[in-house]
Amino acid sequence: MNITIVGTGYVGLVTGSTLAELGNSVYCVDIDEQKVEAMQNGKIPIYEPNLEEMFARNIQAQRLFFTTDLKEALDKSEVIYLALPTPPGEDGSADLSYVLGVAEKIGMLMTGYKVIVNKSTVPVGTAENVRQVIASKTTIPFDVVSNPEFLREGFAVEDSMNPSRVVVGCSSTRAREIMSAIYQPFTNTGIPIIFMDEKSSELTKYASNSFLAVKITFMNEIANYCEKVGADVDKVRLGMGSDDRIGHRFLFPGIGYGGSCFPKDVKALIRSGKGENFDFQLLQATEVVNISQKTILVPEIENYFGGNLQGRRIAVWGLAFKANTDDIREASSLDNIRALLNKGAEIVAYDAIAEDNVRRLLGDQIEYAADMYSALDGADCLLIITEWPEFKNPNFELMASRLNNKAIFDGRNMYAVETLEQNGFFYKSIGRRTVENTGKKI
């Protein structure tokens, strides 16, 4: 089947590469000429494990193409996926200008029946809005479908090729048959395709992400309470997760959630509720808790140094909002860096993948280390932000020799408390006992 993907951001590129991998001819459209030219030459614009190989393989097989010409792509395809950004506005609502703008162009350019598939995360009722915009520009028959993505950054290729389910909001028999044909390679292996109305499909994406955000935030609250009463959040998490009604996933405490989905989707669902005179009280509380959780270690660092961070050099490991991505949107690293800079500290950071994105944002406000250990040279303490695999088994002796103080503030609970105790470090993590080090130099 011939398929067009409008938008070559994270969702569009992963979706396009996946559909090409399934044997379709895929035409990816983007208005950025330099970006399109780079992709035509095999250069991938985002970092995602295993995506580059699939991307290159399908370009070579002549199943994946890139163009700035929307009409050319429309003329070749019966199915058009919209994978466009829906950034939050000042009030938290999703900005649909990109989606509706492209819908208007499609209405003006289409010359035959099309299935318009909304892959972007959008508020309830967007499919109908897209339908109205296109219908205002053409009398040619078409259908609009909602098909939300459920990709985890860092695992997007795995999720796209082995989805837990495919959700399709569709009220047309013709469009349903086409969508069934596209996803037949998945259903053949037992992956369910769940058909529903468009509004339910749109809400499914928001509800899923918001629920996971609540789950993470609840666990962070439990972790903070553990510290008050002397409980161990690792043991609590294990006890909770062993209940199959709860499960082990998303029970790991830390310094808040970030990224392109959870913060934006929680905000958008809250705003959508207000538009219907409905208050998502649980989600509003989740937002408040997550904002404070992001910088919960900053007062701990300040206390360690007697309430004064002026001139203190702090090493930061990790800048991406999570491991295996270069995404820094809503990343806790940015909140912590800004808070520490405001208190007079100096920051030297290391992240092999996300550094360039932070450089573009912060420039020379902080220093950037060539590797994880050189970031420690002359630093007064270490703050761990991102759970990159390379940080999991460090050389603690080497760390001790490079740090001015054997002090680690761990926002991702990377290490066993006992290990840091045996190595003589001060160690502050989330929801577990603090390891004191009376030999600090300060």
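The values are calculated or read from the model by the stated rules, or taken from the named source; none is laboratory data. Because the structure is a prediction, the values reported are computed rather than measured. Cβ sites come from the backbone with ideal geometry, for glycine too, and all protein chains shown count toward neighbours. Ligands, DNA and RNA are stripped out before the accessible areas are found, and what is left, the full protein with its side chains, is counted by its heavy atoms. Shrake-Rupley method; radii C 1.70, N 1.55, O 1.52, S 1.80 Å.
With a cut-off of at most 13 other beta carbons within 10 Å, and DSSP calling the residue loop, which trypsin sites (Lys or Arg not before Pro) in segment 154-222 qualify? Please list them. Walk me through the intermediate numbers first.
Details: sites: Arg165, Arg174, Arg176, Lys199, Lys205, Lys215; in loops: Arg165.
Passing sites in segment 154-222 are Arg165.
Could you please put Leu341, Leu51 in sequence from largest to smallest accessible area, using a 1.4 Å probe?
On the way: Leu341 45, Leu51 0 Å².
Putting Leu341, Leu51 in descending order of accessible area: Leu341, Leu51.
Which three extents, in whole angstrom, do the alpha-carbon atoms of segment 55-108 cover along their principal axes, largest first?
45, 28, 17
List the residues whose amide H sits under 5 Å from the amide H of Asn118, counting only those 5 or more places along or on another chain, with H placed 1.01 Å from N in the peptide plane.
For Asn118, whose amide H was placed from the backbone, the distant partners under 5 Å are Leu82, Val145, Ser146, Asn147.
Given the C-alpha centroids of segment 209-228 and segment 376-442, what is the distance between them in whole angstrom?
With segment 209-228 and segment 376-442 each reduced to a Cα centre, they are spaced 23 Å.
When averaged across all projection directions, what area in nm² does the alpha-carbon convex hull of segment 177-299 cover? The partial results should precede the final answer.
Numbers: hull surface 42.6 nm².
The number I arrive at for segment 177-299 is 10.6 nm².
Of all DSSP beta bridges located in the chain, what percent are antiparallel, nearest 5? Don't skip to the answer; put the middle values down first.
On the way: 3 of 46 bridges.
Just about 5 percent of them are antiparallel.
Take the cross-link list Lys215/Lys267; Lys71/Lys205; Lys228/Lys294; Lys322/Lys428; Lys343/Lys392 and give me the ones stretching past 23 Å between alpha-carbons. Let's see the in-between values first.
Numbers: Lys215/Lys267 16 Å; Lys71/Lys205 30 Å; Lys228/Lys294 18 Å; Lys322/Lys428 20 Å; Lys343/Lys392 29 Å.
In this structure, Lys71/Lys205; Lys343/Lys392 exceed 23 Å between Cα atoms.
For Val288 paired with Phe211, estimate the spin-label separation in nm (one decimal), with each label point 7 Å from Cα along the Cα-to-Cβ line.
For Val288 paired with Phe211, the spin-label model returns 2.5 nm.
How large is the dipole of segment 76-148 about the Cα centre if only Lys and Arg carry +1 and Asp and Glu carry -1, each at its Cβ, rounded to the nearest 20 debye? Display every interim value, and only then the final one.
Values: 6 positive and 7 negative charges, 74 e Å.
That gives segment 76-148 a dipole magnitude of about 360 debye.
Name the longest site-free stretch of the chain, where the excluded sites are GluC sites (Glu not before Pro) in a DSSP loop with no more than 16 other beta-carbon atoms within 10 Å. Write out the running numbers ahead of the final one.
Details: sites that count: Glu78, Glu90, Glu276, Glu436.
Here the longest run is 91-275.
Suppose every Lys and Arg Cβ carries +1 and every Asp and Glu Cβ carries -1, with no other charges. What dipole size does segment 1-80 come out with about its Cα centre, to the nearest 20 debye? Please list the in-between numbers first.
Working: 6 positive and 12 negative charges, 31 e Å.
Charge dipole, segment 1-80, about its Cα centre: 140 debye, nearest 20.
Roughly how many whole Å is it from the C-alpha centroid of segment 78-135 to that of segment 328-375?
First find each Cα centre; the distance between them is then 36 Å.
Keeping all protein chains in place, calculate the accessible area per residue for the chain (probe 1.4 angstrom), answer in Å².
On the way: 19580 Å² over 442 residues.
With the other protein chains kept in place, the chain gives 44 Å² per residue.
Rank Ser200, Ser164, Ser332 by mean-square fluctuation in a GNM of the chain with C-alpha springs under 10 angstrom and give only the top-ranked residue.
Fluctuation is largest for Ser164.
Tally the DSSP beta bridges in segment 82-234 and give the antiparallel ones as a percent, rounded to 5.
Details: 2 of 12 bridges.
Around 15 percent of the beta bridges assigned by DSSP in segment 82-234 are antiparallel ones.
Full extension from Gln281 to Asp371: what is 0.36 nm times the residue separation minus their Cα-Cα distance, to one decimal in nm? Please list the in-between numbers first.
Working: separation 90, 0.36 × 90 = 32.40 nm, distance 4.35 nm.
The span from Gln281 to Asp371 would gain 28.0 nm if fully extended.
When the Debye formula is applied to the Cα atoms of segment 174-216, each taken as the same point scatterer, what base-10 log of I(q)/I(0) results at q = 0.27, 0.29 Å⁻¹?
Values, matching the q order: -0.93, -0.96.
Placing unit charges on C-beta atoms (Lys and Arg positive, Asp and Glu negative, everything else neutral), compute the dipole magnitude of the chain about its Cα centre in debye, rounded to 20. Spell out each step's value before the answer.
On the way: 45 positive and 58 negative charges, 111 e Å.
Dipole magnitude for the chain comes out near 540 debye.
Got a sec? Charge dipole of segment 349-442, +1 on Cβ for Lys and Arg, -1 for Asp and Glu; which of Leu420, Thr386, Met399 is way out at the positive end?
The listed residue farthest towards the positive side: Leu420.
How big is the convex hull of the Cα atoms of segment 342-386, per residue, in Å³? It would help to have the intermediate numbers written out before the result.
On the way: hull volume 4.0 nm³, N = 45.
Expressed per residue, the convex hull around the Cα atoms of segment 342-386 is 89 Å³.
May I ask for the percentage of alpha-carbon pairs in the chain that lie more than 34 Å from each other? If you can, show how the numbers build up before the last one.
Values: 38044 of 97461 pairs.
Of all Cα-Cα pairs in the chain, 39 percent lie more than 34 Å apart.
Quick check: pseudo-label points 7 Å beyond the Cα along Cα→Cβ at Arg57 and Asn395, how many nm apart are they?
Distance between the two pseudo-spin positions: 3.7 nm.
If r is the Cβ-Cβ distance from Gln34 to Arg245 and R0 is 51 Å, what FRET efficiency results, to the nearest 0.05? Walk me through the numbers on the way to the answer.
Values: r = 50 Å, r/R0 = 0.98.
The computed FRET efficiency comes out at 0.50.
Of Gly16, Gly424, Gly273, which has the largest mean-square fluctuation in a 10 Å C-alpha GNM of the chain?
Comparing Gly16, Gly424, Gly273 in the GNM, the peak value goes to Gly273.
For the pair Ser164 and Lys137, what calculated FRET efficiency results from E = 1/(1 + (r/R0)^6), where r is the Cβ-Cβ distance and R0 = 35 Å, to the nearest 0.05?
Values: r = 37 Å, r/R0 = 1.05.
According to the calculation, E is roughly 0.40.
Which FRET efficiency value, to the nearest 0.05, do you get for Arg338 and Ser97 by plugging their Cβ-Cβ distance into 1/(1 + (r/R0)^6) with R0 = 22 Å? Working shown, then result.
On the way: r = 29 Å, r/R0 = 1.32.
The formula returns an efficiency of 0.15 here.
Which loop trypsin sites (Lys or Arg not before Pro) in segment 349-430, with loop taken from DSSP, have no more than 14 other Cβ atoms within 10 angstrom of their Cβ? Before the final figure, lay out the partial values.
Numbers: sites: Arg359, Arg360, Lys392, Arg402, Lys406, Arg412, Lys428; in loops: Lys392, Lys406, Arg412.
Taking segment 349-430 and a limit of 14 other Cβ atoms within 10 Å, the loop trypsin sites (Lys or Arg not before Pro) found are Lys392.
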